[in-house]
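S.K.: My structure is below; once you've seen it, I'll send some questions.
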Amino acid sequence: MGGGVTVQPGESGGWRAFLDPANRRAIIFCALITTGPVLYGYDGTYFTSLLAETAFKRDYGYQITNSDGSIGYEYSAANQSLWTSIIQVGEVVGALAAGFLGDWGGRKGAILAAITLVTIGITIQIAYASSATLTVGRLVIGLGVGVISNAVPLYLSEIPPAAVRASLVSSWQLMLAIGQVIGACVGYGSESLLTSAAYRIPMGINYLWVLLIAIALLVVPESPRWLLYKGKEDKCRRALNKIHGGTDMRETLVQEQLAILHKSKEDEHEKSDGAKSSWSDLIMDKVERRKFIACVGILISQQISGVQFIFSYTTTFFELVGIDDAFTITIVVDCIEVAGVLCAYVIVDRIGRRPLLLWGGFSMMIFLLVVGALGAVAGWKDFSDYFAAHQAQASCVAAFICLYVFAFNLTWGVLAWVVASELSTGRNRQKIMAVGTACFWVTAWATTFTLPYLFNQSEAGLGPMIGFIYGFGAMLTLVFVYFYIPETQGRTLEEINFYWQAGIPVRQWISYDPATVVARDDKKAARQGVSHHVENAADIADPVANGEARMKRFDSL
């Protein structure tokens, strides 16, 4: 993380921080790297549209005779589940592999490996139209997306200052939503094509995102934090110089930032008795375990409210509940996602993480329960016929889905990644995020794979009544956030790590003064005759003042 704006704990930067020349390059570098989530968002929605295309059904499905005697095409629920969920299998493996790739090659090295995998996967898909190549290609693309989902949020949280960090990490969800809109529009545009171009063109557009990410990697610096933790101080200094270039205070900011990173590393080394990064720490070390549970829990919570059924099956869902022109509605839903994220930019650094997560989760729960209730009125297995005859109720389902999408992207869509990247601090940062993103993709896969079996009339036939299932999931997320997620608004990553190590209860983070903890430790050390926190006798006489002085190192990020 390499910023130079002074932000006191609890203070938000607002739009002024975006206009500060000291932050300009950090913002530009983050903007360049956010092509990564565009790839992820695009792949989900363009493929959703492919599932409803005649050319795709013809080449990947089987022939059927419709009730009016005409010839049509369909594919089994098993194949539909496999094609849509296999990418999540790859994403799980890719997210775990990112832990090793990121530790070894840094954030940029991990992203480079990711776009290489995505390029291979795209080529396999386009080369030959068969269920086998489609499955393998999507699996390999999933590997790349899994690595991106780990490396990009970490990069976005480590480059900018605290004043704009939440907004820039939130850009993950914004660019993902923009990718979804592009994917939906491409699917709509290719719907009428009756040749293999109907699906090969949307698949091939993925090459564009790969190219843009590759160009960005030539421009952006490596994470200074990763470089310093790897003992590459000279390269860390060069990266900081690049981030702070264009301002008259560059040398001061670089020296200040280096001092902060060194001090944070030394403090953690002292607290952990010199222990190095280790996978076993995630379970055995009390402090690291708290970070691990918070990171994994917030990312799983984002998924158990059922957003994947919107992300992966929007067009199919609206078709089955009798909505006319489902392709157009899909584009509308994706535009609502973008609107929600843009609104989140205005409030995410003003209101705080916990209030938004709690109120957003509550709203999502209500909207999903209403969808479930409308499905219950329509009936089990027969919901398509009911909604075909009752367009007002079908429109009502669509409206509450849109409200759910807006609430999700306003709150959980942006904040889950922000909070996860903020709370996974310290020496095991890469490993915690690797397991967290892997669990995220496992949950996404489970949701995507089971949805056709729960929703489709030929299977369980729940239809919109799945809103009851995901509404219950949203309720569980409220409980988790209330008891386990602290408020991190305005805190630097170093300060967040300090809070974890000090054992501050999560509901006290918003009002706790870190100088109190330092002063308490110094006073205890003074009584015991220990001098590792004390530099001279004057410090013992006024431990609070000493603690405040030591905590100034957090204020410059």
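The values are calculated or read from the model by the stated rules, or taken from the named source; none is laboratory data. Everything numeric here is computed off the predicted structure, so don't read it as measured data. Here Cβ is always computed from backbone atoms with ideal geometry, including for glycine, and neighbour counts include all displayed protein chains. For the accessible areas, the whole protein counts, side chains as well, though only heavy atoms, and no ligand, DNA or RNA atoms are used. Shrake-Rupley method; radii C 1.70, N 1.55, O 1.52, S 1.80 Å.
S.K.: It is to be established whether one or more residues within segment 405-412 are of a type in the set (A, V, I, L, M, F, W, C), open to solvent by less than 40 Å² (accessible area, probe 1.4 Å), modelled with pLDDT of 85 or more and closer than 18 Å to LEU156 by Cα.
M.R.: Within segment 405-412 (the criterion being of a type in the set (A, V, I, L, M, F, W, C), open to solvent by less than 40 Å² (accessible area, probe 1.4 Å), modelled with pLDDT of 85 or more and closer than 18 Å to LEU156 by Cα), the answer is yes, since at least one residue qualifies.
S.K.: Being at pLDDT 85 or above, under 27 Å from ILE27 (Cβ atoms), in contact with a helix residue (DSSP H, G or I) (Cβ under 9 Å, 6 or more places away or on another chain) and surrounded by fewer than 22 Cβ atoms within 10 Å (Cβ to Cβ): is that true of ALA151 here?
M.R.: The answer is no for ALA151.
S.K.: Just for helices (runs of 4 or more DSSP H) wholly inside segment 208-301: which have at least 1 residues that are modelled with pLDDT of 85 or more?
M.R.: 224-229, 233-243, 281-284
S.K.: Further question on the same structure: I'm trying to understand the selection: among the residues of segment 302-328, which are open to solvent by less than 30 Å² (accessible area, probe 1.4 Å), assigned to a helix (DSSP H, G or I) and at pLDDT below 75?
M.R.: The answer is PHE309, ILE310, PHE311, SER312, TYR313, THR314, THR315, THR316, PHE317, PHE318, ALA326, PHE327.
S.K.: Is it the case that segment 510-518 has a residue that's crowded, with 20+ Cβ neighbours inside 10 Å and modelled with pLDDT of 85 or more?
M.R.: Looking through segment 510-518, none of the residues is crowded, with 20+ Cβ neighbours inside 10 Å and modelled with pLDDT of 85 or more.
S.K.: Given the criterion open to solvent by less than 10 Å² (accessible area, probe 1.4 Å), hydrophobic (A, V, I, L, M, F, W, C) and more than 30 Å from ALA77 (Cβ to Cβ), identify the matching residue among ILE485, ILE466.
M.R.: ILE485
S.K.: From THR437, THR492, which residue is touching a helix residue (DSSP H, G or I) at 6+ places or on another chain (Cβ under 9 Å), surrounded by 17 or more Cβ atoms within 10 Å (Cβ to Cβ), among the β-branched types (Val, Ile, Thr) and modelled with pLDDT of 80 or more?
M.R.: THR437
S.K.: State which residue is most open to solvent (accessible area, probe 1.4 Å) when the search covers only segment 171-206 and only residues that are modelled with pLDDT under 90 and in a loop (DSSP other than H, G, I, E, B).
M.R.: Restricting to residues being modelled with pLDDT under 90 and in a loop (DSSP other than H, G, I, E, B), the top hit is LEU194.
S.K.: Which members of segment 3-41 meet the condition of being modelled with pLDDT under 60, surrounded by 22 or more Cβ atoms within 10 Å (Cβ to Cβ) and closer than 20 Å to LEU174 by Cα?
M.R.: Answer for segment 3-41, where residues must be modelled with pLDDT under 60, surrounded by 22 or more Cβ atoms within 10 Å (Cβ to Cβ) and closer than 20 Å to LEU174 by Cα: just GLY13.
S.K.: Please work out which residue is farthest from LEU451 (Cα to Cα), limiting yourself to segment 63-94 and to residues that are touching a Ser or Thr at 6+ places or on another chain (Cβ under 8 Å) and hydroxyl-bearing (Ser, Thr, Tyr).
M.R.: Result: TYR73.
S.K.: Can you report the number of residues in segment 47-86 which are part of a helix (DSSP H, G or I) and among the hydroxyl-bearing types (Ser, Thr, Tyr)?
M.R.: Counting residues in segment 47-86 that are part of a helix (DSSP H, G or I) and among the hydroxyl-bearing types (Ser, Thr, Tyr) gives 7.
S.K.: For residues in segment 106-120 being buried (at least 17 other Cβ atoms within 10 Å of the Cβ) and over 15 Å from VAL219 (Cβ atoms), which is modelled with the lowest pLDDT?
M.R.: My answer is GLY106.
S.K.: How many residues, within segment 338-356, are open to solvent by less than 10 Å² (accessible area, probe 1.4 Å) and part of a helix (DSSP H, G or I)?
M.R.: 5
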